[in-house]
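Here's the structure, in structure tokens; my notes come after.
Derivation of every value follows stated rules applied to the coordinates shown; laboratory data play no part. All of these numbers come straight from a predicted model, not from anything done at the bench. Using ideal geometry, Cβ is built from the backbone for each residue, glycine included, and neighbour counts are taken over all protein chains shown.
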């Protein structure tokens with residue numbers, strides 16, 4: 001049995017070497033996003049937990065929705081805007097929202113404020129999950145090894 005890791009401040013969890021798994025040119029769209037993979041740091045296998053900081057003007061992800069995975073966000077600091085389908089919501093610290101799998105409603109956070117925003121993101125890791133990006137020529141599938149595979153919507157690889 002492996003010894004558990006000791007508690008530490010979330011900001012002490014190192015940022016990953018790569019800031020995104022999106023292929024070019026989509027990787028540039030998440031510039032200004034800093035995602036600490038807290039769940040990975042502690043070896044969590046069934047769900048992920050990220051501390052995401054969005055600089056002013058940054059987005060959390062491309063607008064997307066999952067086929068199998070649920071997601072949840074909780075705003076810790078700042079005032080990001082949640083773009084949820086055709087609606088927009090200016091969020092405050094303490095606000096939260098859940099995104100059930102299979103609903104087909106794209107979501108993304110955009111920091112339109114002049115201060116950084118910190119968000120706790122939680123999502124499960126269901127293998128075979130497919131992610132649709134309605135505004136972009138992009139599709140993702142979570143493979144059994146836990147890696148995202150990106151293709152064009154017609155299936156051509158990036």
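Before moving on, here are some points about what is shown:
- The numbered conditions (1) closer than 20 Å to residue 128 by Cα; (2) surrounded by 14 or more Cβ atoms within 10 Å (Cβ to Cβ) are all true for residue 97 except (1).
- Unmet requirement for residue 141, which otherwise passes all of (1) more than 14 Å from the chain's Cα centre (by Cα); (2) part of a loop (DSSP other than H, G, I, E, B): (2)
- Cβ separations smaller than 7 Å between residues 6+ apart or across chains give the following pairs from segment 49-73 residues that are free of Cβ contacts under 8 Å to residues at least 60 places away in the same chain to residues that are assigned to a loop (DSSP other than H, G, I, E, B): 57/32; 57/111; 58/31; 58/32; 58/111; 70/100; 70/101.
- Among the candidates 92, 88, the residue that is surrounded by fewer than 19 Cβ atoms within 10 Å (Cβ to Cβ), outside any loop (DSSP other than H, G, I, E, B) and without any contact (Cβ under 8 Å) to a residue 40 or more places away in the chain is uniquely 88.
- Residue list for segment 1-38, restricted to those being in contact (Cβ under 8 Å) with a residue 40 or more places away in the chain, farther than 26 Å from residue 158 by Cβ and either in contact with a strand residue (DSSP E or B) (Cβ under 8 Å, 6 or more places away or on another chain) or assigned to a helix (DSSP H, G or I) (or both): 10, 11
- For segment 105-130, a residue qualifies if it is over 15 Å from residue 60 (Cα atoms) and touching a residue at least 60 places away in the same chain (Cβ under 8 Å), and the qualifying residues are 124, 125, 128, 129, 130.
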